[in-house]
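We did not get these values from a lab; they are worked out from the coordinates using the rules stated. The structure displayed is predicted, hence computed values, not measured ones. Every residue, glycine as well, gets a Cβ built from its backbone with ideal geometry; the counts of neighbours run over all protein chains shown.
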Amino acid sequence: MPEALSVEAAPAASEGSELAWLTPRDHGTPAQALARIRVLCQQFPDLHSALLAVLATHQGLAREILGVAVKQFRRDLDDLSPADVASLLTSLWNGGKQGFEATLRSRRKGDRKAAMSWVKSDD
């Protein structure tokens, strides 16, 4: 029978540790965080899982910053603004998967014609 893992056997996320960047106060340099976010976005094929992984591992960064970073690496977010992506992250944090999906639906359904209000429609 295999031995159970003890808390003492788990690596500590202390200063100098490989896992130190997971602590909320020590997220590394912007270049390091961006590289990790890129890897996470590439490793998770569905948007929900990718955003959840990024949010869980980069809690010390503002959601607005995370939104801009994630948008660089996820083509399925091209139709959303950085503020929309930050809202997705907030809804994921506060409302779980259901909140995330509701926010995504509302952001994608939004009529984006307001940006070109001077264009006359042929309707």
Förster radius 35 Å - calculated FRET efficiency between ASN94 and VAL39, Cβ distance, rounded to 0.05: 0.85
Spin-label pair ARG108/THR29, simplified geometry with 7 Å Cα→Cβ offset, distance in nm: 3.7
Highest average packing first - 86-95, 41-50, Cβ atoms within 10 Å: 86-95, 41-50
Lys, Arg +1 and Asp, Glu -1 on Cβ, resulting dipole of the range 18-109 about Cα centre, debye, nearest 20: 180
Filtered trypsin sites (Lys or Arg not before Pro), the range 19-111: DSSP coil and at most 13 other beta carbons within 10 Å: ARG25
Percentage of interatomic Cα-Cα distances in the range 18-109 larger than 18 Å: 38
Environment charge at GLN72 (Cβ cut-off 12 Å; Lys +1, Arg +1, Asp -1, Glu -1): +3
Positive minus negative residues near SER87 (Lys, Arg vs Asp, Glu; Cβ under 11 Å): 0
